[in-house]
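Here is the structure we will look at, set down as structure tokens.
The values are calculated or read from the model by the stated rules, or taken from the named source; none is laboratory data. Being a predicted model, the structure only gives us computed values, none of them experimental. Here Cβ is always computed from backbone atoms with ideal geometry, including for glycine, and neighbour counts include all displayed protein chains.
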Amino acid sequence: MRYSTRVGILLGVVVAMGLATAAVAAQTLTLALTPSQSPTALQQVGDEFGAVLSKLLKMPVKVYVASDYAAVIEAMRSRTADLAFLHTVGYVLAHQEAKATLLAKDIWHGKTSYTSRIYVRKDSGLKTLEDLRGKTIAFVDPTSSSGYIYPMVLLVQKGLVKSRDPKTFFKEALYAGSHDAALLALVNRSVDAAASFDLAREQYLKDKERIEAITWVAETPPIPEAGIAAREGLDPALARRIFAALMALNAPEHKPLLTKLYSIDGFTDPGPDSDFDVVRVALREGMLKR
């Protein structure tokens, strides 16, 4: 009788373990991408990235491009996404508003930081920030680190923009929605200036003639890289598996995929969250008043 009871218990444990394994296998991870470039092209490479990550994790991974920068943060808050590829300010806001945590930081052109620049056309005659008074500018998104927040802080600190309102200095300020769109607006003479990151020309314009047609009149201090963040409540064991999978993506055979995705070299340890305190200060100084 005791033997039968033990067999029953063992069978119960085996069944429970099997159900748990099946539950993990059936789970689908959802990864949201920040639309910092053409959404169509980004979705295509995002699907490739999801397929590789799925193979490494041995579980399905669904990847989608969010409608805008704010939608990525909302996906973290509402838990409609388990993971998100976040730019710097996006991570700070997702951490603040949704308790998201950074799993891995990007390595970008061998660095874990970048800068923002305010670009102009070389033939415009514009040489300084002051020269942009009464001109038009293309920003990327109100929560873009290099495409709005950091250049806005620079303009505020220089005393050019008042009350964090770009229209106190520029004739018109528009949001292009992505870095490539902002640069193209400048190249195509739709605006007089554009804000983007330090290697945006080389990454998006590609054509030598277009790259050489624009220069910059100002550059910000370094901005720390963000990367892939996890939503609040994601199972810690699964988070560790995801981190291990992201580290595996640093292998040479995956470099072309990472380059296509966000022009990154790979991933590294996220480091302390205090690294982003400087961004929190910039966010308070540069965020558009509502």
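Could you say whether any residue in segment 93-108 is of a type in the set (Val, Ile, Thr) and either outside any strand (DSSP E or B) or without any contact (Cβ under 8 Å) to a residue 40 or more places away in the chain (or both)?
Filtering segment 93-108 for residues of a type in the set (Val, Ile, Thr) gives 101, 107.
Applying the additional criterion that residues be either outside any strand (DSSP E or B) or without any contact (Cβ under 8 Å) to a residue 40 or more places away in the chain (or both) yields none.
No, segment 93-108 contains no residue that is of a type in the set (Val, Ile, Thr) and either outside any strand (DSSP E or B) or without any contact (Cβ under 8 Å) to a residue 40 or more places away in the chain (or both).
Here's the yes/no breakdown for (1) modelled with pLDDT under 95; (2) over 22 Å from Phe243 (Cα atoms); (3) touching a strand residue (DSSP E or B) at 6+ places or on another chain (Cβ under 9 Å); (4) surrounded by fewer than 15 Cβ atoms within 10 Å (Cβ to Cβ):
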| site | (1), (2), (3), (4) |
| --- | --- |
| Met17 | yes, yes, no, yes |
| Ala22 | yes, no, no, yes |
| Leu31 | no, no, yes, no |
| Gly50 | no, no, yes, no |
| Leu53 | no, no, yes, no |
| Lys58 | no, no, no, yes |
| Val65 | no, no, yes, no |
| Ala75 | no, no, yes, no |
| Leu83 | no, no, yes, no |
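Take the conditions more than 17 Å from the chain's Cα centre (by Cα) and of a type in the set (Val, Ile, Thr) and apply them to Ile137. Does it pass? Step through it out loud before you land on a result.
Numbers: more than 17 Å from the chain's Cα centre (by Cα): yes; of a type in the set (Val, Ile, Thr): yes.
Yes, satisfied.
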Are any residues in segment 205-257 in contact (Cβ under 8 Å) with a residue 12 or more places away in the chain, of a type in the set (D, E, K, R) and assigned to a helix (DSSP H, G or I), and if so, which ones? Arg210, Glu212, Arg241
Among (1) among the charged types (D, E, K, R); (2) within 23 Å of Thr128 (Cβ to Cβ); (3) modelled with pLDDT of 95 or more; (4) buried (at least 16 other Cβ atoms within 10 Å of the Cβ), the one test that Arg164 misses: (3)
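May I ask you to list the residues in segment 167-186 that are touching a residue at least 40 places away in the same chain (Cβ under 8 Å) and either under 19 Å from Glu219 (Cα atoms) or of a type outside the set (A, V, I, L, M) (or both)?
Here is the first cut: in segment 167-186, the ones touching a residue at least 40 places away in the same chain (Cβ under 8 Å) are 177-183, 185-186.
Within segment 167-186, Gly177, Ser178, His179, Asp180, Ala182, Leu183, Leu186 meet the criteria.
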Residue under evaluation Gly271, criteria (1) part of a loop (DSSP other than H, G, I, E, B); (2) surrounded by fewer than 21 Cβ atoms within 10 Å (Cβ to Cβ); (3) not assigned by TED's automatic domain parsing to the domain that holds Tyr91, criterion not met: (3)
With the condition kept exactly as written, say whether any residue in segment 89-110 is touching a strand residue (DSSP E or B) at 6+ places or on another chain (Cβ under 8 Å), at pLDDT below 95, of a type outside the set (Asp, Glu) and under 20 Å from Pro39 (Cβ atoms). yes
